[in-house]
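The values are calculated or read from the model by the stated rules, or taken from the named source; none is laboratory data. Owing to the predicted nature of the structure, the values given are computational and were not obtained by experimental measurement. When we count neighbours, we look across all protein chains shown, and the Cβ atoms used for this are built from the backbone with ideal geometry, even at glycine.
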Amino acid sequence: MRLTRILKKRVRSLLHWSRQETELHDELALHFEQLVREHREAGLSECDARLAAKREFGNVPLVQEEARQWWGWTWLEDAWKDLGYGARLLWKSPGFTIAAVLSLGLGVGANTAVYGLMKQVMFDALPVRDPQNLVHISRSSLEGSSRTSFSLPFTRDLQAAEGIPFDGFLATSGYGQVSLVTEAGAESVNLDLVSGNFFELLGVRPALGRLFNAEDDRTVGGSPVAVLSYAYWNRRFGRDPSVLNRTVELDGRAFTIIGVSAAGFDGLNRMRTPDVQIPITMASYPSTQILGRGDWWLDVFGRVKPGVAIARAGDSLLPLLLRNYEIAGRVPKTEYQRRVRESERMFAIPAISGSEAPRSWQLALNTLLGMAVVVLLLACVNIANLLLSRASAREREQSVRAAIGASRGRLIRQQLTESLLLASLGGIAGVAMAYALSQMLVSIMVPDRAHSPLRAAPDFWLLAFNFVVAAAAGIVFGLAPAIRASRPGLLAGLKGTLAAGIGRMAMRKLLISAQIAVSVVLLMAAGLFARTLASFHSLDAGFRTDRLLEFGLDPGGYGPDQVYGFYQQVIERIATVPGVEASAVSRQRLMGGGHWGSGISVEGYTVHEGEKEPLRDAVSAGYFSAVGTPLIAGREFDTTDRTGSPKVAIVNEAFARYYFGGQNPVGKLIGEGGQQPNIPIVGMVRDARSASLREAPVPYWWIPYQHMQRNRFNALTLYARTAGDPEQIISSIREAVASVDRHVAMFSVRTLEGQLNDNLRVERALATLTLFFAGLAALLAAVGLFGVLAYSVARREREIGIRIALGATSYQAGWTVLREITIYVAGGLAAGLAIAWQAARFVESFLFGVQAKDATSLAFSCGAMFLIALLAAFLPARRAATVPPAVAFRAE
Amino acid sequence: MPKPSALLQGTLDLLILQILTREPLHGWAIAKRIQLLSGDVLTFGQGSLYPALHRLEQQGWIDAEWKDSELGRTAKFYALTPEGRKQLEAELESWDRLSGAVQMVIQKA
């Protein structure tokens, strides 16, 4: 009650400051006039009465001041004055202000941008009910860890299980890109499969219509219904409510749109967002596969009961997994299988922000954040340095203030206000910087902006983060100089002696050493990442990446018997497009990152259990010549290899080395795992990096795609080798595909070079940003070095003048100045070298084709830093060399 | 001129609160009343009354209002709030204790 009254009064006194001021004045005047009147009535003259009144009343301004103090806002008034004073000072030294605000803005902005992306990828809670209870289920055994695929029957086991600390389970699976056909034509959309209880368990509401329920995934093929994501509904249909109950063709089958999910919900994967979702039982896989206990294809998320420790929750699922194996009849028969079974574990991974970001992202973001923090610290050091030298210049002013009675706290406060003002300006510059930098980051790291939930624009919390960082930086760099400046030797300051500055110089030079050391480390990292990128670019992939176009097709509506005919027609039509030199298909997309392995049997070789399986693929005739992989021996698949023709296989050199000890494999027999080797090898091709550039070639085998086990996969990748720029003839190819079937959309249309660039996104982001940060750090160090030397020359001008007058050459004069800093620069370089040499192993996992302890990068970083330091030192040294000797004789 | 500190620290607050128990008064009247009631013994720089009034007001123990006064113009009248009344009781009690203790020391010493 009293508190609210006080609060009201305070606010009122703040809002009606000037009225209160007049009121106080009137009040005192009234009292004073009464006193005067009283004295006049007592017989004094007007003049004497006033004097007496003054004596009796006391010092009017002082009374006002004291009264005002109780209004509770004097600190604000003081702060306002300090702010005005600070602003004037900053305005008067624009060079200092611009340097400080820019370097702080860069430091803060870099942190905001990197943290912003990190926050979205790793920390932001999903817009679902109680996201903190959400977990991603995974399993591990000695055959592999963090496996997140489960079968539908097992998911149903989980959903039906009792006595476990979970409130429910949902399943989802990214289906990839499929064609969505409306009256307007075909286009490719991102399709996700979700369990019937998906939205209900997550607590996601419909923005329109209804979402799925438990009925929708009861029977295979039973519910041809689809839900659109809000973003897609907005992008594609302009939020037209009439999409409801419209029938569209998805993946070759008719679906009815029953609803749109809530705005802001982008699925459970931060790396890609679905456009359309359908029930898992509507996948175009054969029902044996959808319902197969041995088919692991679903991502399962659970909701742990409130209050249950997530770390232990996974353990309760292990018995269910083991029972699942029993039901499936998978009894371990050998010692190895028994050991695998015993090592099985189940885990519940917190999924507050969805499924975990890929490790490469996490590592890259952590590394970038680390660098951004370092750059920010360097910026702080620099500003502290600038402030220190300004503090020396202002020592006199501070002494005067202290002499006329300013308390030490008051002096510190005034300086802190100044640095906080600087920090706020830096924060504003930081926002602009953060915006530009995160635009750059997102566009470098995210290949498909339309299907990514990542945003470049900062949200409210990020802006708050930005300014908190700026303010913290302001306090960090402002406090030390403020405390130092607040205890000037009164006399020394007033006399203008600069003796006090000497000790300070040593400190500033040490800071320069630190800056140089850190810059060397960052430059080293930049060198390593740049070399990594370069070695990727110079790498021989094993096929020709230029002028090669690849795209996906998924004729979902085709039965197993028609699908080969479809592809054969497409290949033939594309081959006739002018400018196309060759075309072919494969199941595994080149550079797509995917792997297809299944067991192998090899004539004359015993495959051990747990031995690494070779990778495989199914391709069309002329595939190897189309993608440019040289044939070493035998022949490649041709038109005689077709449906029903004798089985044949092609292997790579690594396969021949591994299984045949380098002998010519042509004529030998191989087969699927667990079967008799009955497929003759007809050719051998050069080793290639098919899945990604990072992966060294492994044993690989190919069969004609017509010999692939039927009915499993309709989606294949098509390749077209072109005579000119592949981008130019995409539309002709589109027409060729449409002429075969206009209901099949092309998706993921890329040139292979584009795909390679996509795959190197994380590497490129690291190299670019590290170089940026390193450059920034070096620049900051250079500015610091320049500042110290320039200050030193100014201080020692007279001494240098005397030296020159006594016959020192200009070289010697310049050296006088350089000498005092050389040791610190050399020390910084040496420390940087030592740290870089040791710290390089932390980035080892990002490197490719270059050792962490890479002498070239190290030489580059030291050389670059040395050159930058030399440049920064040059101007002050030249000034020292050209000091006119007359300076020596001029009086101070 | 007697300094404001001639008045025991904190007693000015007590006097103001006590005087305001009867009716709302403006600053001039309060000063006059203190002078009168103390038989001209308690004098102080009259200006120092105002910081005290503003402090008491900001602490919520008295309220202020501009009203017509007997002086022929509007003046700022201060009135005791319920919280102020409680505060006065507390201060009176501690004053009693203090003066009693001083009295005791003087008598027994």
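So here's what we get for this one:
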quantity: Strands (runs of 3 or more DSSP E) lying entirely in the stretch A:221-270 (those with 1 or more residues that are surrounded by fewer than 19 Cβ atoms within 10 Å (Cβ to Cβ) and in contact (Cβ under 8 Å) with a residue 40 or more places away in the chain); calculated: A:247-250, A:253-261
quantity: Number of positions in the stretch A:762-774 that are surrounded by fewer than 18 Cβ atoms within 10 Å (Cβ to Cβ) and touching a Ser or Thr at 6+ places or on another chain (Cβ under 9 Å); calculated: 1
quantity: Leading residue by the ranking (surrounded by the fewest Cβ atoms within 10 Å (Cβ to Cβ)) among those in the stretch A:179-191 that are among the aliphatic types (A, V, I, L, M) and at pLDDT 80 or above; calculated: A:Val181
quantity: Residue satisfying condition, being out of contact with any Ser or Thr (no Cβ under 6 Å at 6 or more places or on another chain) and surrounded by 15 or more Cβ atoms within 10 Å (Cβ to Cβ), within set A:Val585, A:Val570; calculated: A:Val570
quantity: The one condition in (1) within 13 Å of chain A (Cβ to nearest Cβ); (2) touching a residue at least 40 places away in the same chain (Cβ under 8 Å); (3) surrounded by 13 or more Cβ atoms within 10 Å (Cβ to Cβ) that B:Pro24 fails to fulfil; calculated: (1)
quantity: Residue within the stretch A:92-99 that is within 30 Å of A:Ala777 (Cα to Cα), modelled with pLDDT under 90 and in contact with a Phe, Trp or Tyr (Cβ under 9 Å, 6 or more places away or on another chain) present; calculated: yes
quantity: Pair list, Cβ under 8 Å, 6 or more apart: the stretch A:330-353 residue β-branched (Val, Ile, Thr), other residue in a loop (DSSP other than H, G, I, E, B); calculated: A:Thr334/A:Glu609; A:Val340/A:Leu142; A:Val340/A:Glu143; A:Val340/A:Pro332; A:Val340/A:Gly610; A:Ile349/A:Glu356; A:Ile352/A:Ala125; A:Ile352/A:Leu126
quantity: Single residue of the stretch A:9-25 satisfying the filter (basic (Lys, Arg) and within 9 Å of chain B (Cβ to nearest Cβ)) that is nearest to B:Lys86 (Cα to Cα); calculated: A:Lys9
quantity: Qualifying residue in the stretch A:55-62 (condition: surrounded by 12 or more Cβ atoms within 10 Å (Cβ to Cβ), closer than 16 Å to B:Leu53 by Cβ, without any contact (Cβ under 8 Å) to a residue 12 or more places away in the chain and more than 7 Å from chain B (Cβ to nearest Cβ)); calculated: yes
quantity: Some residue of the stretch B:48-63 being at pLDDT 85 or above, more than 9 Å from chain A (Cβ to nearest Cβ) and farther than 29 Å from A:Leu51 by Cβ; calculated: yes
quantity: Residue among A:Arg330, A:Arg394, A:Arg323, A:Arg341 that alone is within 28 Å of A:Val108 (Cβ to Cβ) and surrounded by fewer than 21 Cβ atoms within 10 Å (Cβ to Cβ); calculated: A:Arg394
quantity: Matching option when the condition is at the interface with chain B (Cβ under 10 Å from one of its Cβ atoms) and either surrounded by 12 or more Cβ atoms within 10 Å (Cβ to Cβ) or under 40 Å from the mean Cα position of the chain (by Cα) (or both), among A:Leu28, A:Leu106, A:Leu76, A:Leu89; calculated: A:Leu28
quantity: Qualifying residues in the stretch B:75-96 (those that are part of a helix (DSSP H, G or I) and polar (S, T, N, Q)) - the one nearest to A:Ile6 (Cα to Cα); calculated: B:Gln87
quantity: Residue in the stretch B:72-105 that is nearest to A:Lys8 (Cα to Cα), counting only those that are surrounded by fewer than 19 Cβ atoms within 10 Å (Cβ to Cβ) and touching a strand residue (DSSP E or B) at 6+ places or on another chain (Cβ under 8 Å); calculated: B:Ala79
quantity: Qualifying residue in the stretch A:144-166 (condition: surrounded by 15 or more Cβ atoms within 10 Å (Cβ to Cβ), on the phi > 0 side of the Ramachandran plot and in contact (Cβ under 8 Å) with a residue 12 or more places away in the chain); calculated: no
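Quick grid of which residues meet (1) of a type outside the set (Gly, Ala, Ser); (2) closer than 30 Å to A:Val381 by Cβ; (3) part of a helix (DSSP H, G or I):
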{"site": "A:Gly84", "(1), (2), (3)": "no, yes, yes"}
{"site": "A:Leu90", "(1), (2), (3)": "yes, yes, yes"}
{"site": "A:Thr112", "(1), (2), (3)": "yes, yes, yes"}
{"site": "A:Leu126", "(1), (2), (3)": "yes, no, no"}
{"site": "A:Gln159", "(1), (2), (3)": "yes, no, yes"}
{"site": "A:Phe169", "(1), (2), (3)": "yes, no, no"}
{"site": "A:Thr172", "(1), (2), (3)": "yes, no, no"}
